[in-house]
């Protein structure tokens, strides 16, 4: 039995995972604690309550968090978390609960979750791309997550898609994330002259289904941009499968169906027929916990 | 002692490598043989002559070739070689010379050569980019060359830099290779309104040094494009070092100096100070043989 912990900006979730299923879960606020030690105490207390209800041996902890460095076990100055300093949360939780702990960034957690429990099961050359507020990714090569020399590999969202393009939150211009994230799609809808004021992708999808031309164009452009970003990623590590994760990828007719076509059109000939594109097979509510737990199995 | 073989379109080179140095070398024509078996016979005969002059044990063969698949040991329908069918050259040479043989594509051979003998020695997260007629690359992750699920990973030259851009030899548009290769630079010089008719990069460099504005612009554009391509590659595997290989990279003042600046300007903040950019440390004449030999040490 593994404890998965998913650290979010406002809420942190805990889940006990057995055989690829979340068998018990709890959540606490991420904010409002005196400091990071008090937060770790609260996490540990909640974890102990969860564990006490189960008799199986509890063997490890996996923690997914923004700005987490898997090589060091440290959350590095995360802009969206309450603590602006480095927080060595892996060691803090391991000390409190007496089992090994692994920490990784949330996109890497998602990648490991898909690889161990989801749509990438058994695929040792895999790319997982998370489409949400931002665009994250995890490359798995030869059955191992690529961490890179400094522990921060896999930033597909920050590959430059259109040089000198849209401003990105990273301070540069033209990143893939500035186009194919939720924020990017809202910007595209506006750029295409949309009359409505959507605040989420679900609304853009509803508008597209109702015939709104800006919403339809928004999905078409998103599809084209994403297909190029994915075709480029294939050139790096040659994965056998790409798994897309997040609400945007749940748009089958508006995104996934045309995306498969455009992806193959934009894919280098030598990869044709050698890489497929699919959507996360993990239940939305549990994906982050399963991903975190997968970190705990390393 | 390893035998390195570098298969080119017109000439194939053989070299005996000991302690990272080519101690004996020979070459034969790639063309003009009755078939691929006759070619393998000629290679083996030349190899035996080389080996017979040396008393150390001869333990392996490494072969670098275009369109080579390292997973299968087969040269797959190479458009620039005399045989249009699949040639299982690794097995053919191993059978003839009685030692194990490894075959890999030339860019991967260059990557392994730099990693084992050159500017990437001891760097287990490395990216090697070859700038020549085309643009090749080899990603080394955790001390292993990334082959990908089908043996064809590492095609950085065919990542799309400018969607809908210049036609590329691969049949698509806007690939990095269409801009920063020899062919790409010649096209850029013409696009910039150059009055001369250079047929190689050396001539463009001479023109730039003489104040030709199109030649200067050509190097500036090449620098910017390459800096984006390299910054994007870093986002995939997070290498500690990038080694550039090939004559284009030998232009220190026109390319490498401004490239370092533009690369860092285009690099995502989390990689700043964590990846450096350098030029091949292998002697030009021996680099392909040393790379091929490095394949033979796997």
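Throughout, read-outs are computed from the coordinates displayed, never taken from laboratory work. None of these values were measured; they are calculated from a predicted model. Neighbour counts run over all protein chains shown; Cβ positions are idealised from the backbone, glycine included.
Structure notes:
- Rg(Cα) / (2.2 N^0.38 Å) computed for chain B, rounded to two decimals: 1.01
- The base-10 log of I(q)/I(0) for the protein assembly as shown, evaluated at q = 0.07, 0.08, 0.13 Å⁻¹, reads -0.47, -0.60, -1.31 [Debye formula, identical scatterers on Cα atoms, solvent excluded].
- Within chain A, antiparallel bridges make up roughly 60 percent of the DSSP beta bridges whose residues both belong there.
- Residue order, fewest to most surrounding Cβ atoms within 10 angstrom, among B:50, A:259, A:290: B:50, A:259, A:290
- Fewest-first sequence of A:74, B:140, B:216, B:204 by Cβ atoms within 10 Å of each Cβ: B:216, A:74, B:140, B:204
- Ratio of Rg to Rh for the stretch B:208-298: 1.03 [Cα atoms; Kirkwood radius as inverse mean 1/r over pairs].
- Across peptide A:151-161, the mean count of Cβ atoms from other chains lying within 10 Å of each residue's own Cβ comes to 6.
- Over the stretch B:121-279, relative contact order from alpha-carbon pairs under 8 Å, at least 6 apart, %: 24 percent
- Computed over every Cα-Cα pair of the stretch B:121-279 and binned at 5 Å starting from 0, the pair-distance distribution P(r) comes out as 2, 9, 19, 22, 20, 14, 8, 4, 1, 0 percent.
- Inter-copy label distances at residue A:49, shortest first and taken from points set 7 Å along Cα to Cβ: 8.3 nm.
- Spacing of the two label points (7 Å from each Cα toward its C-beta) at residue B:284 and residue A:265, in nm: 4.3 nm
- Across peptide A:266-273, the average count of Cβ atoms from other chains found within 10 Å of a residue's Cβ is 5.
- Degrees, to the nearest 10: B:287-296 long Cα axis against longest axis of chain B: 50 degrees
- Modelled FRET efficiency - R0 60 Å, residue B:77 with residue A:55, Cβ distances, 0.05 increments: 0.50
- Within 10 Å of each Cβ in A:131-141, the average number of Cβ atoms from other chains: 2
- Stokes-Einstein diffusion coefficient of the stretch A:254-298, Kirkwood radius over Cα pairs, 10 °C, 1.306 mPa s, in µm²/s: 122 µm²/s
- Acute angle (nearest 10 degrees) that the helix A:213-237 long axis makes with the longest principal axis of chain A, alpha-carbon atoms: 60 degrees
- Between the stretch A:218-239 and the stretch B:283-298, the alpha-carbon center distance in angstrom: 34 Å
- Distance from the C-alpha centroid of the stretch A:26-98 to that of the stretch A:126-169: 24 Å, rounded to the whole angstrom.
- Counting only DSSP beta bridges with both residues in the protein assembly as shown, the antiparallel share comes to about 60 percent.
- Sorted by Cβ neighbour density within 10 Å, fewest at the top, the residues A:158, A:209, A:264: A:209, A:264, A:158
- Taking the DSSP beta bridges with both ends in the stretch B:121-279, the antiparallel portion is around 55 percent.
- For chain A, calculated [θ]222 nm from helices alone, where every DSSP H run of n ≥ 4 adds -39500 (n - 2.57): -11000 deg cm²/dmol
- Distance-filtered residues of the stretch A:217-258 - backbone nitrogen under 17 Å, label point 7 angstrom along residue A:191 Cα→Cβ: A:217-230
- Legend: calculated FRET efficiency, residue A:25 to residue B:85, from the Cβ-Cβ distance at R0 = 56 Å, rounded to 0.05, equals 0.45.
- Debye equation applied to the C-alpha atoms of the stretch B:1-144, log10 I(q)/I(0) at 0.11, 0.13 Å⁻¹: -0.40, -0.56
- Residue closest to axis [chain A; rotation mapping onto B; Cβ; Å]: A:236, 2
- Principal-axis tilt of helix B:182-191 within chain B, Cα atoms, nearest 10 degrees: 20 degrees
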